[in-house]
1. For the stretch 6-30, give me the residue count where each residue is of a type in the set (Gly, Ala, Ser) and either under 23 Å from residue 63 (Cα atoms) or touching a strand residue (DSSP E or B) at 6+ places or on another chain (Cβ under 7 Å) (or both).
2. When the stretch 45-73 is examined, which residues are found to be touching a residue at least 24 places away in the same chain (Cβ under 8 Å), within 16 Å of residue 9 (Cβ to Cβ) and more than 12 Å from the chain's Cα centre (by Cα)?
3. Collect the residues in the stretch 16-38 that are within 16 Å of residue 2 (Cα to Cα) and either open to solvent by 90 Å² or more (accessible area, probe 1.4 Å) or outside any helix (DSSP H, G or I) (or both), keeping them in residue-number order.
Amino acid sequence: MDSYEEWVDEYVSFMEDYKNNPSDMGVLSRSAKFLGKSEEMTNKFDDWKSSCNEAELAYYLEVQARTQQKLLSVAQ
């Protein structure tokens, strides 16, 4: 979950940079990095879900609440 939240933080930073300067080639080149990391996060999450206990589920819900707020901030 920690690596997922770090990925969301990185994605939010990328989206803020993109919103500020959508024609910046440096920003655009960063987008390819997220495709690979998205797949990695999906695989890690699938592995994690298969062995999740109650405490981990509670932590997951906390992380989801935080990351959803962060993603909403760049969606506006």
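The values are calculated or read from the model by the stated rules, or taken from the named source; none is laboratory data. This one's a predicted model, so the numbers in the text were calculated from it and none came from an experiment. Ideal geometry is used to build each Cβ from the backbone, glycine not excepted, and the neighbour counts take in all protein chains shown. Side chains are part of the model used for accessible areas, which takes the heavy atoms of the whole protein and leaves out ligands, DNA and RNA. Shrake-Rupley method; radii C 1.70, N 1.55, O 1.52, S 1.80 Å.
1. As a first pass, look at the stretch 6-30 and keep what is of a type in the set (Gly, Ala, Ser): 13, 23, 26, 29.
From what is left, the residues that are either under 23 Å from residue 63 (Cα atoms) or touching a strand residue (DSSP E or B) at 6+ places or on another chain (Cβ under 7 Å) (or both) are 13.
Within the stretch 6-30, residues that are of a type in the set (Gly, Ala, Ser) and either under 23 Å from residue 63 (Cα atoms) or touching a strand residue (DSSP E or B) at 6+ places or on another chain (Cβ under 7 Å) (or both) number 1.
2. Passing the criteria: only 73.
3. Taking the stretch 16-38 as the starting set, the residues that turn out to be within 16 Å of residue 2 (Cα to Cα) are 37-38.
Of everything in the stretch 16-38, nothing turns out to be within 16 Å of residue 2 (Cα to Cα) and either open to solvent by 90 Å² or more (accessible area, probe 1.4 Å) or outside any helix (DSSP H, G or I) (or both).
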